[in-house]
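Taking it in order: structure first as structure tokens, then the write-up.
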Amino acid sequence: MLMLIQEHFPDLLNWNFKFVATDICSESLAQARLGRFNQLEVNRGLPAAMLVKNFTRQGESWEIRESLRKRVEFRELNLAKDWAGLPPLDLVFLRNVLIYFNVETKKEILGKIRRLLRPGGYLLLGGAETTFNLDDAFERVPIERTSFYRLKA
Ligand SMILES: C[S@@+](CC[C@H](N)C(=O)[O-])C[C@H]1O[C@@H](n2cnc3c(N)ncnc32)[C@H](O)[C@@H]1O
């Protein structure tokens, strides 16, 4: 996300914002915190120009630039449990995760997002996911080839 912001909206990097990146998996978080990836991992969809611009080579690995990494705070979080300590959020990217939960838990998770989402904030889900029939407070907003969700006025 930060690489795309840098590419398309570089002035935004002067704003005071950060990403809070969460997962239940401590090994994934440890690797993400390190910001170090092997050749196979960086070959999965990252354009070569972005790789060269944002990573430095460390032996067999590629390490993300500190100026980008420091914008991200990594936290272990089980979405199905307590979300204590998460700040109000402007944008929530929850792609391909709701699919793992039953309807009741999906409703609880969307409720937590609803309470944390700042006015004017947006939620992005995976292509196979929706708030429809789960939380009527959200409305879908089609944007080009995708869609976001926001709270109804
Ligand atoms: C299919 S991946 C999607 C990752 C990423 N959002 C994406 O779109 O590429 C699902 C992720 O959800 C995480 N996950 C599964 N159950 C979870 C839970 N209860 N709380 C938080 N994260 C969970 C997994 O560890 C995995 O990283």
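We did not get these values from a lab; they are worked out from the coordinates using the rules stated. As the structure is a prediction and not an experimental result, all values here were calculated from the model. Here the Cβ positions follow ideal geometry from the backbone for every residue, glycine too, while neighbour counts run over all protein chains shown.
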Next item on the list: Output the peptides 45-52, 122-129 sorted from most to least packed, where packing is the average of other Cβ atoms within 10 Å over each peptide's residues.
Entry: 122-129, 45-52
Notebook entry, point to check: Where in region 1-65 are there chymotrypsin sites (Phe, Trp or Tyr not before Pro) that are in a DSSP coil and have at most 15 other Cβ atoms within 10 angstrom of their Cβ?
Noted result: Trp15, Phe17
Item checked: Alpha carbon centroid spacing (whole Å) that separates region 100-153 from region 30-54 -> 29 Å
Check: Using alpha carbons only, how many degrees (0 to 90, rounded to 10) separate the axis of helix 103-116 from the longest principal axis of the chain?
Finding: 70 degrees
Checklist line | Close Lys-Lys pairs in the chain, where close means Cα under 21 Å and separation is 8 or more or interchain | finding: 10
Next item on the list: With a point put 7 Å past each Cα toward its Cβ, work out how far Leu91 is from Lys152 in nm, to one decimal.
Entry: 2.6 nm
Note to self: Which of Ile64, Ile109, Ile143 ends up with the largest GNM mean-square fluctuation for the chain, with Cα atoms connected below 10 Å?
What the structure shows: Ile143
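If you build the convex hull over the alpha carbons only and average its shadow over all orientations, what do you get for region 99-150? Give it in nm² to one decimal.
Result: 3.6 nm².
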Next item on the list: Find the relative contact order for the chain and round it to a whole percent, using C-alpha pairs within less than 8 Å whose residues are 6+ positions apart.
Entry: 19 percent
Margin query: What does the net charge come to around Ala80 if you take all other residues with beta carbon closer than 11 Å to its beta carbon, with K and R at +1 and D and E at -1?
Written below: 0
